[in-house]
Amino acid sequence: MILPLRTMLLTSSIIFASAPGLAQEAIEAGGQALALHTVATGLEHPWALAFITDDTYLVTERNSGALRSGNVNGTLSDPIWEADDLFRFEGETSRSQAGLFDVQLHPHFEENGWVYISYSRQTERGAALVVVRGTVSREDRDVTFSDVEDIFVMKEDDQDSSGLHFGGRMAFDPSDASLFLSVGERRNISRSQDASDQAGAVLRMTDSGEAHPDNPSFETEGDGELSDPYVYAIGVRNIQALAMRPGGGQLWAADHGPEGGDAIRHLASGTNHGWPFVTGGEDYSGAPLGVGEQMEGMTPAVHVFDETIAPSGLAFVTAESAFQDWSGNMLVGGLYAEGVVRVQLQGDVLASQQLIELGHRVRDVRNGPDGAIWMVTDHADGVVLRLVPEG
């Protein structure tokens, strides 16, 4: 049975400090006692993290454009790399979504040391979503990021000056080391239905940044226009939660809706997910959008949330997790929901959902090498969190 999020809210209370100045909270999730540890503080709107060893991780800061390393003991390094051409448009509002985004390890990271970072770059036309690749090395506790090079730059015709809807989430397919990249529609809804445009789409490339040779060809409305060779799927709004499902080779995402309409999507090659024609939400003005949740020729969402969660960060719980009962479940970070949504799937159908309320705007969710669930929070004074079973 699928329950509304409001019926699944879980309680928490501060109980004691796990380290000087750092809080530990007791969380009850469906009758299971959990402990939430604050591992590190003082990050400026952290966006993503990735473990490079059992005790060391990389973390990005959106606004500063800095990549830092952290240790499970709570220490954080000074920046080990900074994007000196970062686009952080604010204009009349401080709500810019631009900056440094995701960090992902190559599937063969232990052999090649490659780490991939996505961010918004200042250009003559405004901003381009880019992916860079560098090499991480670690000597004692000193981590370095070197030999940084562009592997993907959003094509010039698709660049613009909006500070909104960049997407920017990445995921690797371990079967061939191909890289998926989500690109938001840049707050221009018509771009999602234009397959010649890299915005409003999910792109697939090789690990060196070339368009994947097996990408589909879409029909386009423009006279003589061809679909962009990078485009894998279209008709999405602003995906900031993206991951491969273990074992099945399936790409899954959680997409931001407009006012309401946040959705879980199974992304496959050549699919059109319908935005802005297909949506469970409405315009922020209250005006209706589209024709509903289904339309002929469009791939409907697997699930549309009844309440806004503002999804960011997605991970599938692995068999090695400390949460054995959650193995195979999807965890979706919630910015507006201030927690993590645990989703149980039966095949490709959502069977149940449960909001674990944490009191933090969760930006990213990852499996940790210690079996814990690790997260970063979207705050000016952001933190790294670690969730484990109590006891």
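The values are calculated or read from the model by the stated rules, or taken from the named source; none is laboratory data. If you're wondering where the values come from, they're calculated on a predicted model, not measured in any experiment. Counting neighbours? That spans all protein chains shown, and the Cβs are built from the backbone with ideal geometry, glycine included. The accessibility values were calculated without ligands, DNA or RNA, using every heavy atom of the protein model including side chains. Shrake-Rupley method; radii C 1.70, N 1.55, O 1.52, S 1.80 Å.
Computing FRET efficiency as 1/(1 + (r/R0)^6) for Asp54 and Gln344, where r is the C-beta to C-beta distance and R0 is 25 Å, gives about 0.30. Computed extension gain for Asp78 through Ala287, at 0.36 nm per residue and net of the alpha carbon distance, reaches 70.6 nm. By the gyration tensor of its Cα atoms, with a ≥ b ≥ c the square roots of the eigenvalues, what is the shape of the chain: rounded for a/c under 1.5, prolate for a/b over b/c, or oblate? Oblate. For the stretch 54-59, putting each phi into the Karplus relation 6.51 cos²θ - 1.76 cosθ + 1.60 with θ = phi - 60° gives couplings of 5, 10, 10, 10, 9, 9 Hz, in residue order, rounded to whole numbers and with x for Gly and Pro.
Ordered by 1.4 Å accessible area with all protein chains kept, Asp194, Asp158 run largest first as Asp194, Asp158. Of the trypsin sites (Lys or Arg not before Pro) found in the stretch 102-133, the ones in coil according to DSSP and having at most 16 other Cβ atoms within 10 Å of their Cβ are Arg125. For Glu44, the amide hydrogen comes within under 5 Å of the amide hydrogens of Gly382, counting only partners 5 or more places away or on other chains and with H modelled in the peptide plane.
Using the Cβ-Cβ distance between Ser269 and Thr135 with R0 = 30 Å, the FRET efficiency computed as 1/(1 + (r/R0)^6) comes to roughly 0.45. For the pair Glu90 and Asp160, label points projected 7 Å from Cα toward Cβ lie 2.3 nm apart.
Taking label points 7 Å from Cα along the Cα-to-Cβ direction, Glu149 and Glu111 give a separation of 1.8 nm. Less than 5 angstrom separates the built amide H of Thr123 from those of Ala128, all sequence-distant by 5 or more or on a different chain. Taking amide hydrogens as placed 1.01 Å from N in the peptide plane, the amide H of Ala241 sits under 5 Å from those of Ala254, Gly313, each at least 5 positions away in sequence or on another chain. Please compute the net charge surrounding Pro288, taking Lys and Arg as +1 and Asp and Glu as -1 over other residues with Cβ under 11 Å from its Cβ. Neighbour charge sum, excluding Pro288 itself: -3. Comparing Ile264, Ile309, Ile151, which has the greatest mean-square fluctuation in the GNM of the chain with Cα pairs linked when under 10 Å apart? Looking only at Ile264, Ile309, Ile151, the biggest GNM fluctuation is shown by Ile151. Here the sum of -39500 (n - 2.57) over DSSP H runs of 4 or more residues, divided by the residues of the chain, equals 0 deg cm²/dmol at 222 nm, to the nearest 500. Rounded to the nearest 20 debye, the dipole magnitude of the chain is 840 debye, with +1 charges on Lys and Arg beta carbons, -1 on Asp and Glu beta carbons, and the Cα centre as origin. A simple charge model with +1 on the Cβ of Lys and Arg, -1 on the Cβ of Asp and Glu and nothing else charged puts the dipole of the stretch 199-328 at about 340 debye relative to its Cα centre. The modelled label-to-label distance for the pair Glu307/Gln32, using points 7 Å beyond Cα in the direction of Cβ, is 2.1 nm. Compared with the direct C-alpha span, the chain from Asn71 to Asp176 gains 34.8 nm at full extension, assuming 0.36 nm per residue. For the chain, set up a GNM with springs between Cα atoms under 10 Å and report which of Leu267, Leu345, Leu164 has the largest fluctuation. Among Leu267, Leu345, Leu164, the largest GNM mean-square fluctuation belongs to Leu345.
One chain, two ends: Glu259 and Glu225. Fully extended at 0.36 nm per residue, the span grows by 9.0 nm beyond their Cα-Cα distance.
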